[in-house]
Structures are given as structure tokens and as C-alpha cells.
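The values are calculated or read from the model by the stated rules, or taken from the named source; none is laboratory data. These figures come from a predicted structure and were not determined experimentally. All Cβ positions, glycine included, derive from the backbone under ideal geometry; neighbour counts span all protein chains shown. Note: areas computed on protein heavy atoms with side chains; ligands, DNA, RNA excluded. Shrake-Rupley method; radii C 1.70, N 1.55, O 1.52, S 1.80 Å.
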Amino acid sequence: MIKPTKHKDDSAEVYVVSLKSKSEKPNLDGDRLNIFLLILLYIIQGFPIGVSTALPLILQSKETVTYEDQAAFSIALWPYSIKLLWAPIIDALYINSIGRRKSWLLPLQILMGVTFIYMANNMDDWLPEVGKPNLKMIVRMIFAVNFLSATQDIAVDGWSLSVLKKKNVSYASMCPSIGVPIGMFIGSVCFTLLISEHFSVKYLGAIIGAGGVITMKSFFNIWAIIILLLTLFIGLFKKEKYTKEDGHEKISVFQNYKLLWEILKLPRIKVLALALLTIKIGFTATETVTNLKLVDAGVPKDDIMIINSVMYVIKFFFPMFICKYITSTTPMSYHLKMTPVRLIWGIVFAVLVYYTPSLIHIKGELFTIPYYYIILGLVSTISEMLSLFLMLTLLAFFCKISDPHFGGTYMTLYNTFYFLGWLIPNTFVLKLIDILTLNECSNDAQNTCYTKDLKNQCQANGGSCEMYVDGYYISMFICTTLGFIWYFSFRNILKKYQLVDLYHWMVHEKQLSNEEVNEPCIISSQ
């Protein structure tokens, strides 16, 4: 028998499997269509994330966007990190005749499809071939799509536990791990390459001036149609089961928020929250800015995306090779061992960025040098593997210290802290680079080109603004230093936390049985 409590963003229920149910082996007969449907829903969820990572590169290639503008754009990803704020509402309010999850899923996806159609009809005006893009409208629309996608994630995660047969609930964690990366790949790599004329001419033999394989308008329209057709299919043909298991008690919105508050009051949670909010500071400049600096150095964005396509292959297969570290009793120890390596490798990446202009330019002309791309691919691959290893071992640590009775809420809370720990320094570092980068006019040393008026004045006098201090390298030094400070500050604390008895992480006084403690946890791929 399965007793529902709570799961992730589904703040009212998680499935704790009794010994009787554990004896039933999973069997996908009758659930294959449901698995496929869930994967499609997670692909839809991953697409906006992919677009959000592709657009900064496209904007940077226009050479009219500053790092301050990139900092503003980074705000568009915030809904994924703060969805915990409205997750209890999504769980508690619904129309029973439509279905607990469909009540939210249907209108959210309809709005998402309509938003993409609106973007398709206006993106050419917002992002022209020549001239400065309308960054405000782009950020607003990407933020809106990400808000809808993040909210859809809450509904889909909850539905994944009830749409499958009880004995197949363990497959719920497989669907986002497959679907979200596919959606991100389509939204980032496919989106960038297929709309690029440079890619079509260089790799597909197209004629200059013919444009990309597909226009941005067509790409967004096609995706909107896919979303709306899938939504129509779910609305007409997919019925949501209504079950009320023994021992289930619906938790109200107020009770959900109260539970979160009780968790936050635990002494170790406060220290852990501080650690997670600062855990990514050492890697921020490397992960956020490096590709933008490569574009500035002259590396075509299409070539970067081709290399990134290899990174997605790594994301699919790399976890198989590090399974023993993820499933160990001390995953945080492995995380901490690799943290200094990841920090040092960020310095290696920065050195490559520094020498990139001299490696790809000969007498001022841009050349495609095969050995450079081999080096870039190798450095990027190692960087991606280190980053993925740190993320997976950290998620395993989250599972280890989550109260199984409220594992979903715990995991969502930990993930919220973790992603805020990426987004906050991400926005800050982009702004910091803009501040620390120093320029001067080529024919007027007194003109610092710090404001738009000064830049216009320099150009009006026949000069050009030239950089003599690159804020990227200063930010790299600051981030790496802070990363090592974080490492030595929290290393011993986090090692001890993974050994603390699970009872100390619980918000109630009930002692868990061995079966409950050993329950597998469902991890979101985000």
C-alpha cells in the first residue's frame, strides 16, 4: 500500500511505500504512454530554459549589449528559483471536476503557447539584425514564459506521482532527467543553429543572404503549436485519477507554509541555507561569463553551440560513471574533494579566454584553427563534468538529509537555496564586470567612455572606446578567492552534517523505521 504525504512542489503528497508494495516489481505495461506523456511535458518545461541560455549569446554577438544588460537579462531565470513561494497555492487550490493537476496544467500551457505566438510575431522588432535590441520587452516575455514553465513544473511533478501505477512511481524521477535536457537542447543548441545564417552558410552550404534554416518567428510558432496540441490532447483524452488513500489528510495552503517555516527554524537548516546561498560564488564568473567573453574574443556563437551539443551528450551518460559516488553514504565528502579542482579549472578556462584572440586571429583576420577548437572542447568538457559531478553529489546529499515524511518540501527548499545561490551572484558578477571594465577614448585620454553620452562624444570626435582593464579577470580573481574562502569555512561543517542522525533534520518527533529512512528520493533534474 502507498501512503501519500508530500513530494517536492507537490506540497500535499509524497508516496511512502510500505514493505508490501516494495515486493511488487515495477512493470511498465499500461504505463508506457503515461511515461511518454510525462517526458513530453518535461520537454516543454525545458525549452524556455534553453531559450534563456541561448539568447544571451545571441545578444552578445550583436555587439550592442553591455554586461549590465546581461545582468538585467539574468533576472528572467528567477522564477525557477523562487517557485517555492507559490507552490503551496498550486497544490491546495484546484477544480475537482477538472482534476487536481489539470486545473493548473491546461491554462498554464495555453498561456505558454499564446505567449510564444506573441513573441514570434514581435521578436524581429525586439531583436533586429541592425541596431540595439528592445531588451526590456525580451526580458519581460522570457520572464513570463519561465514563470509559466516553473509553475507548470509544480503541477507536472505532482501529477507524475498519481498518473503512474503505484508500483511504477519510482519512474517519476526518470522523466524529468530525460525530458528537461531534451527541451533545453532544442531551446538552446537547435534554436541558435537553425536560425543562424552563419551556420547555414558554413556547414550546410547555403547562399549568403538566404538566412538560417528557419526563422525565429517560425521556430516559436512551431513550438507554440506543439504545446497547444499537446494541451488539447490532455484536455480531451487524458483523465486525471482521483484517489484518496487511507491515512491521507489534505493540507491547506496555510499548513503548507507553516511546515516550511518549521523546517526553516531548524538550527542546522539555517547554517545549511547560508552555505547553499554562497556555494556557487566561486564558479559564477566561469559558468556565466566565459562563453560571452569567447564571443567577444571572436569565437562564433554557432561554434560554441556545437561544442555545447557535446555537453548534452555528457549530461546523459556521465551520471552512469559516477553512480558509486552519488549513492555513497558520504556524497558531500566527494563534493568537497572536487570543489578545489573545479575552482582551479576555472582559472585554466580564464587563461584560455585570455589567449583566444591571439589564437584565432592572424594579422587581424579571423581564422578557423582546428587545434584551438580541440583545446576549447577539452577544457569545456572537463569543466562540464566537474560541474555535473558537484551538482549530482550535492543532490544526493539533499536526499540524505531530507525527512522522508516531507521529502518533497525539503528537496524543493534545498533546491531553492541552491539555485538562488547561483542566480544572485550571477546577476551581481555581470554587473560587477561592467563596473570594473575600464575604457578610454582612443583620441581623448580624458574621456572614460563610462556612459553612453561619453561613448557618443568619443565617436562623434572620430575616436573609438578601447578597453584597457578587463573586469572579467578581476571578477574571476574575486570569485575564485571567495570560492576558496567558502570551501575552508564550510568544509568541516558539511562533512559533519552528512553524518548527523536523520532525526535531527525532522520537524516532528516520530522516529523513523529503517524502511522509511532508506526510501529513494525523487530528484528534479533542474
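Restricting attention to the stretch 175-234, which residues are of a type in the set (S, T, N, Q) and open to solvent by less than 70 Å² (accessible area, probe 1.4 Å)? Lay out the reasoning, then the answer.
Looking only at the stretch 175-234, we keep the residues that are of a type in the set (S, T, N, Q), and these are 177, 188, 192, 196, 200, 215, 218, 221, 231.
Hits for the stretch 175-234 are Ser177, Ser188, Thr192, Ser196, Ser200, Ser218, Asn221, Thr231.
Does the stretch 435-456 hold any residues that are assigned to a helix (DSSP H, G or I), surrounded by fewer than 16 Cβ atoms within 10 Å (Cβ to Cβ) and not β-branched (Val, Ile, Thr), and which are they?
Scanning the stretch 435-456 gives Lys452, Asp453, Asn456.
Residues are listed down the side, and each one gets a yes or a no for (1) touching a helix residue (DSSP H, G or I) at 6+ places or on another chain (Cβ under 9 Å); (2) among the small types (Gly, Ala, Ser); (3) under 27 Å from Tyr42 (Cβ atoms); (4) not assigned by the TED database to the domain that holds Leu55:
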position: Gly187; (1), (2), (3), (4): yes, yes, yes, no
position: Val201; (1), (2), (3), (4): no, no, no, no
position: Leu204; (1), (2), (3), (4): no, no, no, no
position: Ala210; (1), (2), (3), (4): yes, yes, no, no
position: Lys217; (1), (2), (3), (4): yes, no, yes, no
position: Trp223; (1), (2), (3), (4): yes, no, yes, no
position: Ile226; (1), (2), (3), (4): yes, no, yes, no
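Would the stretch 277-287 turn up any residue that is touching a residue at least 40 places away in the same chain (Cβ under 8 Å), among the hydrophobic types (A, V, I, L, M, F, W, C) and over 29 Å from Cys399 (Cβ atoms)?
Yes, that holds for at least one residue.
Quick test for you: out of Met112, Met119, Met137, pick the one residue that is over 20 Å from Trp422 (Cα atoms), surrounded by 22 or more Cβ atoms within 10 Å (Cβ to Cβ), more than 21 Å from the chain's Cα centre (by Cα) and aliphatic (A, V, I, L, M).
Unique residue meeting the criteria: Met119.
Out of (1) in a helix (DSSP H, G or I); (2) free of Cβ contacts under 8 Å to residues at least 24 places away in the same chain, the odd one out for Ile214 is which?
(1) is the only condition that Ile214 fails.
Report, by residue number, each residue of the stretch 31-46 that is within 12 Å of Asp153 (Cα to Cα) and open to solvent by less than 10 Å² (accessible area, probe 1.4 Å).
Within the stretch 31-46, Leu38, Leu41, Tyr42, Ile44, Gln45, Gly46 qualify.
Could you list, in sequence order, the residues of the stretch 318-354 that are at pLDDT 90 or above, over 30 Å from Asn492 (Cβ atoms) and either open to solvent by 10 Å² or more (accessible area, probe 1.4 Å) or touching a Cys at 6+ places or on another chain (Cβ under 7 Å) (or both)?
Val351, Leu352, Tyr354, listed by residue number.
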